[in-house]
Amino acid sequence: MKCPACGAENIQGEDTCQSCFESLMSIDGLAALDFRKKSVLEDPIKNLTMTPAVFVNQGMTVFDSVVKMNEGKAGCALVREGGQLIGIITERDILNRVMAKKKNPRQVKVADVMTKNPETLSEADSIAYALNVLSIRGYRHVPILTNGSVSGVLSVRDIVAYLAKILPSAEIG
């Protein structure tokens, strides 16, 4: 591949010219892919469209929390007490800790099945960091804080939607 700046021949796929060290990324169409890769690595969580948080209290029944989650079209609900985040209850918690154990969701309290003191991320954390946390910890949802207050819930689905927008479409067939 010929460098547009100095005319030197370079090996196909090189990022920079071996002669003048100018970028060769735009030559073979990799510039857009490099930009996308950089976006995933560096863009902050606040650039994502996140699911609005649904809040419940620990004294509610699991059934009532499911109703609120359904109304909010959310896969989880955050548990607050005195304005402080004290827990999270997810679809998985309800399936594994209530339904699979044949407990009555109209009798079980949120406090009995929620995950206490959930891990949180900041809206300033990178999307790549968030994806790593979700993957390594096995989470599907994580509360996002802005200046110490909950600003939303990041889900795996939110990241997948973001990636679908920025990554090139794959041809099917």
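The values are calculated or read from the model by the stated rules, or taken from the named source; none is laboratory data. Owing to the predicted nature of the structure, the values given are computational and were not obtained by experimental measurement. Neighbour counts are summed over all protein chains in view; Cβ atoms, including those assigned to glycine, are modelled from backbone coordinates with ideal geometry.
For this structure, a couple of remarks:
- Looking across the range 72-125 at every residue that is surrounded by fewer than 18 Cβ atoms within 10 Å (Cβ to Cβ) and of a type in the set (Gly, Ala, Ser), the one that is modelled with the lowest pLDDT is identified as 83.
- Residues that are within 11 Å of the chain's Cα centre (by Cα) and assigned to a loop (DSSP other than H, G, I, E, B) within the range 115-129 comprise 123, 125, listed in sequence order.
- Hits in the range 134-148 - residues which are among the hydrophobic types (A, V, I, L, M, F, W, C) and touching a helix residue (DSSP H, G or I) at 6+ places or on another chain (Cβ under 9 Å): 134, 142, 144
- All of 39, 19 fail the test of being out of contact with any strand residue (DSSP E or B) (no Cβ under 6 Å at 6 or more places or on another chain), polar (S, T, N, Q), modelled with pLDDT under 70 and surrounded by 13 or more Cβ atoms within 10 Å (Cβ to Cβ), apart from 39.
- Scanning the range 88-126 for residues that are touching a strand residue (DSSP E or B) at 6+ places or on another chain (Cβ under 9 Å) and either of a type in the set (Val, Ile, Thr) or at positive phi (or both) yields 88, 89, 90, 108, 110, 113, 115, 117, 120.
- Within the range 120-156, the set of residues being without any contact (Cβ under 8 Å) to a residue 24 or more places away in the chain and not aromatic (Phe, Trp, Tyr) comprises 132, 133, 135, 136, 137, 138, 147, 148, 149, 156.
- Pairs where the first residue, in the range 54-75, is on the phi > 0 side of the Ramachandran plot and the second is at pLDDT 95 or above and not aromatic (Phe, Trp, Tyr), C-beta under 7 Å, 6+ apart: none
- Count - residues of the range 131-161 that are buried (at least 16 other Cβ atoms within 10 Å of the Cβ), among the polar types (S, T, N, Q) and farther than 17 Å from residue 73 by Cβ: 1
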